[in-house]
Amino acid sequence: MRHPILRLGDEGLRRPTRPVTVFDASLHALVDDMIETMHAAPGIGLAAPQIGLDLQLCVIDLSVGASHADLIVLANPHFVERRGMQLESEGCLSVPTFYATVARASEVVVRGQDRDGVWRTYDGSGLLARAFQHELDHLRGRIFVDRLQGLQRRLLLGRITRLRAKGRW
Ligand code: NI
């Protein structure tokens, strides 16, 4: 089942998240819903707060459904390492049609539990490293626009404020 995706400005995106503690059939159903919602959007990552759930849970799939090997389910994730720096354009399903250049680590090592609760370690570079950092930000109530500064931030937020005033956000 697809879920509606919250947009920037919705408080659900900002709430603290709690750890996933039970890896049962209802969690599996939720994970499958998140994957379906991400693929349908389409997007390469989705975090539980984006569908209004205060859980430390996210899904990533750089192939957007084309390759099952690319699908990553992360519960209770944390960084083991972050190295280097990349500056690339970034977007978010909760900030549709807006993109901005965001500084991120270029390589990361992440540990998290899969849908069965098994701890796994992932090495990511480039776009995958960016996706890990973007989704783990969501689990801490952060959205990529929070990482922008100065004129870039003011222009983007100003355009969204005007869309909201017209009822188009
Ligand atoms: Ni996002």
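Looking at the range 1-22, which of the residues that are more than 15 Å from the ligand (Cβ to nearest atom) and of a type in the set (A, V, I, L, M) is least open to solvent (accessible area, probe 1.4 Å)?
In this case the residue turns out to be 20.
Among the residues of the range 11-22, what is the count of those that are free of Cβ contacts under 8 Å to residues at least 12 places away in the same chain and either in a loop (DSSP other than H, G, I, E, B) or of a type in the set (A, V, I, L, M) (or both)?
Total satisfying the criteria: 2.
Kindly check whether there is at least one residue in the range 78-87 that is more than 15 Å from the ligand (Cβ to nearest atom), part of a strand (DSSP E or B) and closer than 16 Å to residue 17 by Cβ.
The answer is yes; a qualifying residue exists.
Determine whether the range 23-34 contains at least one residue that is among the small types (Gly, Ala, Ser), within 12 Å of the ligand (Cβ to nearest atom) and assigned to a helix (DSSP H, G or I).
no
Quick check: anything in the range 86-107 acidic (Asp, Glu) and touching a Gly at 6+ places or on another chain (Cβ under 7 Å)?
Yes, the range 86-107 contains a residue that is acidic (Asp, Glu) and touching a Gly at 6+ places or on another chain (Cβ under 7 Å).
Yes/no per residue for (1) open to solvent by less than 60 Å² (accessible area, probe 1.4 Å); (2) of a type in the set (A, V, I, L, M); (3) in contact with a helix residue (DSSP H, G or I) (Cβ under 6 Å, 6 or more places away or on another chain):
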position	(1), (2), (3)
116	no, no, no
120	no, no, no
125	no, no, no
128	yes, yes, no
165	no, yes, no
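If residue 61 satisfies all but one of (1) under 20 Å from residue 109 (Cα atoms); (2) surrounded by 14 or more Cβ atoms within 10 Å (Cβ to Cβ); (3) away from the ligand (no atom under 16 Å from the Cβ); (4) charged (D, E, K, R), what's the number of the condition it fails?
Here residue 61 clears every test but (3).
Is there any pair linking a residue in the range 88-115 that is under 17 Å from residue 62 (Cα atoms) and of a type in the set (S, T, N, Q) to one that is within 13 Å of the ligand (Cβ to nearest atom) and part of a loop (DSSP other than H, G, I, E, B), with Cβ under 7 Å and at least six apart or on different chains, and which?
89/99
Go through the residues of the range 45-58 one by one and say whether even a single one is assigned to a strand (DSSP E or B), over 19 Å from residue 145 (Cβ atoms) and either touching a Lys or Arg at 6+ places or on another chain (Cβ under 9 Å) or more than 16 Å from the ligand (Cβ to nearest atom) (or both).
The answer is yes, given that some residue of the range 45-58 is assigned to a strand (DSSP E or B), over 19 Å from residue 145 (Cβ atoms) and either touching a Lys or Arg at 6+ places or on another chain (Cβ under 9 Å) or more than 16 Å from the ligand (Cβ to nearest atom) (or both).
Is there a residue in the range 109-117 that is at positive phi, at pLDDT 95 or above, away from the ligand (no atom under 16 Å from the Cβ) and not in a strand (DSSP E or B)?
Scanning the range 109-117 turns up at least one residue that is at positive phi, at pLDDT 95 or above, away from the ligand (no atom under 16 Å from the Cβ) and not in a strand (DSSP E or B).
Name every residue in the range 133-158 that is in a helix (DSSP H, G or I), within 12 Å of the ligand (Cβ to nearest atom) and surrounded by 15 or more Cβ atoms within 10 Å (Cβ to Cβ), in order of residue number.
133, 134, 135, 136, 137, 138, 139, 144, 145, 147
Could we say that residue 90 is surrounded by 20 or more Cβ atoms within 10 Å (Cβ to Cβ) and among the charged types (D, E, K, R) here?
It is true that residue 90 is surrounded by 20 or more Cβ atoms within 10 Å (Cβ to Cβ) and among the charged types (D, E, K, R).
Residue 75 is checked against (1) within 16 Å of the ligand (Cβ to nearest atom); (2) surrounded by 20 or more Cβ atoms within 10 Å (Cβ to Cβ); (3) aliphatic (A, V, I, L, M) and fails just one. What number does that condition carry?
With (1) within 16 Å of the ligand (Cβ to nearest atom); (2) surrounded by 20 or more Cβ atoms within 10 Å (Cβ to Cβ); (3) aliphatic (A, V, I, L, M) applied to residue 75, the lone miss is (1).
The values are calculated or read from the model by the stated rules, or taken from the named source; none is laboratory data. These figures come from a predicted structure and were not determined experimentally. Glycine gets a Cβ as well: all are built from the backbone with ideal geometry, and neighbour counts include every protein chain shown. What goes into the accessible areas is simple: the full protein's heavy atoms, side chains included, and nothing from ligands, DNA or RNA. Shrake-Rupley method; radii C 1.70, N 1.55, O 1.52, S 1.80 Å.
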